[in-house]
Amino acid sequence: MKRQSVAYLVAILIVGITVVPLIFVILGGFRTTGQINADPAGLPGPWVWDNYRDILTSPEFWTFLGNSLLIAVVATTLAVALGSMAAFALSRYTFRGREGWYTLFTLGLLFPLGVATLPLYLLLRQLGMLENPMGVALPEAAFSLPVTIVILRPFMRAIPAEIEDAAVLDGATRIGFFWRIMLPLSMPALTTVAVLAFVTSWNAYLLPLLVFNDSGNFTLPLGVATFQSQYSQDTARVLAFTALSMIPALGFFMLAERRIVGGLTGSVKG
């Protein structure tokens with residue numbers, strides 16, 4: 001009983017730390033800056049819709065949103081496609097150096113983007129990929145590959161070999177087995193890595209900051225920083241912009257929440 005009470009207390013504490021700032025940001029967008037200064041923890045009274053309406057009718061917001069969406073979709077697609085193929089080879093094929101390759105990929109988890117900032121910028125400049133969405137999407141996909149492979153490999157390895165033997169007897173090739181059987185069976189884990197790659201790309205700030213100078217190419221995190229500088233005296237409008245920029249990633253995460261848990265559970269069991 002005592003353990004349950006402590007667990008509930010910890011859960012409530014974590015929910016409070018996570019949810020309260022989100023509620024403050026969302027409700028803050030429905031207030032004026034004067035209301036926030038007078039009573040920072042109060043509720044909107046009256047409710048002000050102008051902040052959200054002005055931002056939703058602003059072309060800059062939709063430009064930032066479109067840029068973020070394009071980069072996140074490309075980075076996620078590349079990470080899932082390449083990661084699933086690499087995980088399939090590392091889990092179902094036996095060849096010399098297999099564990100060494102897997103260890104090399106796992107070491108990528110210890111290689112933060114900040115360490116590679118300068119050489120990555122020089123490489124992108126040499127390739128002429130500055131001010132290009134692919135200059136952000138490709139490195140983001142590369143940095144998402146380690147976690148993608150680490151999650152997918154044990155999941156694919158846990159799928160019984162009898163299924164593959166039956167498919168081979170029915171005339172399926174290795175690629176046919178991968179495409180028609182392995183990928184559908186691995187859908188929970190694929191959803192997990194897709195959500196992780198999408199949210200990571202959506203929230204990325206440093207890499208787009210390096211690649212983009214033209215505000216027309218900015219992603220939403222850069223757009224939020226620009227908006228904060230432009231409207232530094234209008235706290236309510238900044239909160240409304242921040243709240244709207246969070247909605248796509250939060251919605252994507254909430255829709256795929258159950259599959260994320262299933263994918264991580266299957267990977268751990270594998």
Among helices (runs of 4 or more DSSP H) entirely inside the range 1-64, those with 1 or more residues being under 23 Å from S245 (Cβ atoms), of a type in the set (S, T, N, Q) and at pLDDT 85 or above are 33-38, 50-56
Checking F143 against (1) open to solvent by 20 Å² or more (accessible area, probe 1.4 Å); (2) within 23 Å of M182 (Cβ to Cβ); (3) among the aromatic types (F, W, Y), only one condition comes out false. Which one?
(2)
Going residue by residue through the range 56-76, is there one that turns out to be open to solvent by 30 Å² or more (accessible area, probe 1.4 Å), touching a Ser or Thr at 6+ places or on another chain (Cβ under 6 Å), under 18 Å from V224 (Cβ atoms) and not aromatic (F, W, Y)?
yes
Just checking, which of F218, F253, F212 is over 24 Å from F24 (Cβ atoms), surrounded by fewer than 21 Cβ atoms within 10 Å (Cβ to Cβ) and of a type outside the set (K, R)?
F212
Residues in the range 222-241 that are of a type outside the set (A, V, I, L, M) and crowded, with 20+ Cβ neighbours inside 10 Å total 5
Any residue in the range 40-63 that's in contact (Cβ under 8 Å) with a residue 40 or more places away in the chain and farther than 14 Å from G28 by Cβ: show its pairings with residues that are of a type in the set (S, T, Y) and assigned to a helix (DSSP H, G or I) at Cβ separation under 8 Å, as long as the two are six or more apart or on different chains.
E60/S215
Please work out if R92 is open to solvent by 50 Å² or more (accessible area, probe 1.4 Å) and modelled with pLDDT under 90.
no
Take R153 and decide whether it is within 23 Å of N67 (Cβ to Cβ), of a type in the set (D, E, K, R) and under 26 Å from the mean Cα position of the chain (by Cα).
no
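The values are calculated or read from the model by the stated rules, or taken from the named source; none is laboratory data. Every value quoted in this text rests on a predicted model; they were computed, and no experiment measured them. Backbone-built Cβ (ideal geometry, glycine too); neighbour counts: all protein chains shown. These area figures cover heavy atoms from the full protein model, side chains too; ligands, DNA and RNA do not enter into them. Shrake-Rupley method; radii C 1.70, N 1.55, O 1.52, S 1.80 Å.
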